[in-house]
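The values are calculated or read from the model by the stated rules, or taken from the named source; none is laboratory data. Nothing here was measured: the structure is a model prediction, and the numbers come from that model. Positions of Cβ are backbone-derived with ideal geometry, glycine not excepted, and every protein chain shown enters the neighbour counts.
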Number of protein chains: 2
Amino acid sequence: MTRRQPKIRKTRDQILRAATEMFITRGYAWTSVDDIVEAAGCTRGAFYYYFEDKEDAVRMVQRRLWRRLAKHAEAAFEPTLGTVPNLKRTLGAHLSALDELGPSRRILREMWVDPSLESIGSEEFDRGVGVIEEFLAHSMRRGEIVAMDTRPLAVLLTGLFEVATAYALQMGDASTTIEAVNVLLDGLAVPAAL
Amino acid sequence: MTRRQPKIRKTRDQILRAATEMFITRGYAWTSVDDIVEAAGCTRGAFYYYFEDKEDAVRMVQRRLWRRLAKHAEAAFEPTLGTVPNLKRTLGAHLSALDELGPSRRILREMWVDPSLESIGSEEFDRGVGVIEEFLAHSMRRGEIVAMDTRPLAVLLTGLFEVATAYALQMGDASTTIEAVNVLLDGLAVPAAL
């Protein structure tokens, strides 16, 4: 198993690269499994060994793109700073990183266009709520943000962030979206901290 | 045409009432056009005269529920108050009114459950962005909120509000959601107004 893994990864990555390319140039809706198989230079059997269907492949592509954005956000986190500055830094980094995805950005947009791709969205949403809720609980214990029930606030922030991502992708430029997000995040600071 | 309208409205309303009842008790996914026709005591022909399909009927039901919520929001608007208090009042009234919808609340939730019902969501979303953008532009001219591009801020607020509605519906109680919305809205006030 261990010995076979590099080969497995190589074929799967080859298919994913080909799928990414097709989704970008032709669009997800207009790409078939046969197109991907042809572009990847593999067999249909190889495709169906790794993926259930086209949706399964695009979900994996999207998941990887989200992970790349999340890494940018994590790198922007600065432990010595307070809650609101850190929320601004991490969300800003995530939104700015959309530009660095280049044409793959288009694949993320499909999530809000094709209803069958919603599930990856709700998976990322739940993950976002978990991360943000933990962060908020920590900040509240330190008195850096208004004390309240962390769950609804985490849900709202994740939702705010999701719509910001969709809008920035649609506009092709994240700067005005980041500005608007920052204004709303300012509401979180405890009055004394202003 | 004018003379026939009361009759038309009566049959259509009868179908919508029956559909609402079925969607509540059985759930949207498990209700067929035949179920609705039977409950309404009308013919299939009558159903298809007013609606293209089941989706078309549920969209109309949802649209009416949204309009009821919007009326509560409009009634809470108080022209003598500032921007942030008014945003809090109207959004709070909308969220609180979810309770008053009674069991029909369940039908609104379908919008986030069944991907085929997304279109009514994006229709309401665009309407929300339009209303909020106009309101923000007016508030900025009066110097009541931070001056910036109104469009991204209107999109974010509408998104915030949509996720707040979905969460309040899921929780069955709007109070903690309203509290979280209010905290974020505080970020909009110009520093001098604090």
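Summary table
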| quantity | calculated |
| --- | --- |
| All positions within segment A:167-194 that are more than 21 Å from residue A:85 (Cβ to Cβ), more than 8 Å from every other protein chain (Cβ to nearest Cβ) and not in a loop (DSSP other than H, G, I, E, B) | A:169, A:170 |
| Residue satisfying all of: in segment A:21-32; among the hydrophobic types (A, V, I, L, M, F, W, C) and surrounded by fewer than 17 Cβ atoms within 10 Å (Cβ to Cβ); modelled with the highest pLDDT among these | A:30 |
| Search result, residues across segment A:26-49 that are without any contact (Cβ under 8 Å) to a residue 40 or more places away in the chain and not hydrophobic (A, V, I, L, M, F, W, C) | A:26, A:31, A:32, A:34, A:35, A:38, A:41, A:43, A:44, A:45, A:48, A:49 |
| Pick from segment B:146-158, criterion under 16 Å from residue B:90 (Cβ atoms) and surrounded by fewer than 24 Cβ atoms within 10 Å (Cβ to Cβ), ranking: farthest from the chain's Cα centre (by Cα) | B:154 |
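Condition check ((1) within 19 Å of residue B:189 (Cα to Cα); (2) surrounded by fewer than 19 Cβ atoms within 10 Å (Cβ to Cβ)) across all residues:
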site	(1), (2)
B:82	yes, yes
B:89	yes, yes
B:99	no, yes
B:102	no, yes
B:105	no, yes
B:121	no, yes
B:139	yes, no
